[in-house]
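Shown next, in structure tokens, is the structure this report addresses.
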Amino acid sequence: MREARVSREDGGWTASPVGLHRVLAPTGVLPQAAERLDASPELWPGEVRIRVERLNLDAASFRQLSDQYGDAIKAEVLAIIESRGKMHNPVTGSGGMLVGVVDEVTPDSPLGLKPGDRVATLVSLTLTPLRITDGLARWDGRSEQVPAEGHAILFARSIAAVLPGDLPVPLALSVMDVCGAPALTRRVVKPGSAVAVIGAAGKSGSLSLAAARRAGAARLVGVVPHAREAEALTSAGLADEVVIADARDPVALAAAVGAPVDVTVVCVDVPGCEHGSILATRDGGTVIFFSMATSFSAAALGAEGLAADVTMLVGNGYTPGHAALALDLFRTSAGVRALFEGRHA
């Protein structure tokens, strides 16, 4: 298949299932690594156009943008989208996801969507062609969920899930935004394991605790940064032990966790938590990094410097069945639901 654009005059258009035809610069890279994408609304074969209703900026990106730009965050987000043709934070390298309504589907799209479906895109905004048309007029800049109007494009190898009818859209979006974390946690955790979740009162952290419990974990340690989150997590009943520690302080984090665990799941939105998560994990154990604030060079070199025999996994956001699992954990765990609803309240 040719990856270059061809005109309608020679019999139609050809397109790459992974979106290479939308890359404007530099040539030869996939859409996620591209500096700029073509976000025009005209569809290529295999594509789907989504009418955008709400963006969800990932936690690390929202924190960085909010800290750096304050009240000017709206202008910065608009500038990123306009200049790059996607929401791809140049500092954190991350983006988020979105909710919208399917507007048009080309006949050869394999995604199984139809016009009118309200969907959550389960691929990153860093590789999703995106155009905003309302100037984000309804967003106050204080939440990672961003009401918006515009359109987005899905490729043949994109992923999207129809939103459930029993949950409000903002709540369903919050669950699906982090659905990769509990799915990989459930895959890694073995019955009888000891598991620590750093950032345990957050969205991905609470779902990861529930997934570890379902996988048969015998000891669950929830690590939070302050007393307010400790109280909320204790009330939720998701962890056997709730401890307060600054995850950026390796010695303090390891001391708070106590006996080294088999699996450590990192779900924080601040940098500098790599070494503490390694210290908290036993030799032969596993660290799962779900935070986009993670420095993977710091993690690798830190493990080497500590002579730590740990396996380190990057949570890539996709595991088969991840959306269904996250929604099931949300529906069946009163503690998870309470934490999510508390955040929205």
(request) Take region 302-319 and flag every residue that is part of a loop (DSSP other than H, G, I, E, B) and exposed (fewer than 12 other Cβ atoms within 10 Å of the Cβ). (result) 307, 309, 316
(request) Output the strands (runs of 3 or more DSSP E) that fall wholly within region 169-246 and possess 2 or more residues being assigned by TED's automatic domain parsing to the domain that holds residue 283 and buried (at least 24 other Cβ atoms within 10 Å of the Cβ), or say none. (result) 194-198, 219-224
(request) For region 104-160, enumerate the residues that are of a type in the set (Asp, Glu) and touching a residue at least 40 places away in the same chain (Cβ under 8 Å). (result) 104, 108, 117, 144, 149
(message) Only one of 270, 223, 266 is more than 24 Å from residue 93 (Cα to Cα) and among the β-branched types (Val, Ile, Thr). Can you tell me which?
(response) 223
(request) State whether one or more residues within region 87-103 are touching a residue at least 60 places away in the same chain (Cβ under 8 Å), more than 27 Å from residue 16 (Cα to Cα), outside any loop (DSSP other than H, G, I, E, B) and of a type in the set (Gly, Ala, Ser). (result) no
(request) Might you let me know whether region 3-10 holds any residue that is more than 21 Å from the chain's Cα centre (by Cα), assigned to a loop (DSSP other than H, G, I, E, B) and at pLDDT 95 or above? (result) no
(request) Would you check which residues across region 143-168 are among the β-branched types (Val, Ile, Thr) and either outside the structural domain of residue 41 (by TED's automatic domain parsing) or surrounded by 21 or more Cβ atoms within 10 Å (Cβ to Cβ) (or both) and list them? (result) 146, 153
(message) Given the criteria closer than 23 Å to residue 136 by Cα, crowded, with 17+ Cβ neighbours inside 10 Å and over 20 Å from the mean Cα position of the chain (by Cα), does residue 86 qualify?
(response) no
(message) Can you find, within region 247-301, the residue that is surrounded by the most Cβ atoms within 10 Å (Cβ to Cβ) among those that are assigned to a helix (DSSP H, G or I) and in contact (Cβ under 8 Å) with a residue 60 or more places away in the chain?
(response) 277
(message) I'd like to verify a number: residues in region 138-163 that are touching a Lys or Arg at 6+ places or on another chain (Cβ under 9 Å) and at negative phi, how many?
(response) 15
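Given the condition out of contact with any helix residue (DSSP H, G or I) (no Cβ under 7 Å at 6 or more places or on another chain) and of a type in the set (A, V, I, L, M, F, W, C), answer yes or no: does some residue in region 272-292 qualify? If you could, list the steps in order and put the result at the bottom.
Taking region 272-292 first, the residues out of contact with any helix residue (DSSP H, G or I) (no Cβ under 7 Å at 6 or more places or on another chain) are 272-273, 277, 281-285.
Going one step further and asking which of them are of a type in the set (A, V, I, L, M, F, W, C), we end up with 273.
Yes, region 272-292 has at least one match.
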(request) Using the structure shown, decide if residue 240 is more than 24 Å from the chain's Cα centre (by Cα) and either among the aromatic types (Phe, Trp, Tyr) or closer than 24 Å to residue 295 by Cα (or both). (result) no
(message) Here is a check on your reading of the model: is residue 323 buried (at least 21 other Cβ atoms within 10 Å of the Cβ), within 15 Å of residue 171 (Cα to Cα) and in contact (Cβ under 8 Å) with a residue 12 or more places away in the chain?
(response) yes
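The values are calculated or read from the model by the stated rules, or taken from the named source; none is laboratory data. What you see is a predicted model; the values in this text were computed from it and never measured. When we count neighbours, we look across all protein chains shown, and the Cβ atoms used for this are built from the backbone with ideal geometry, even at glycine.
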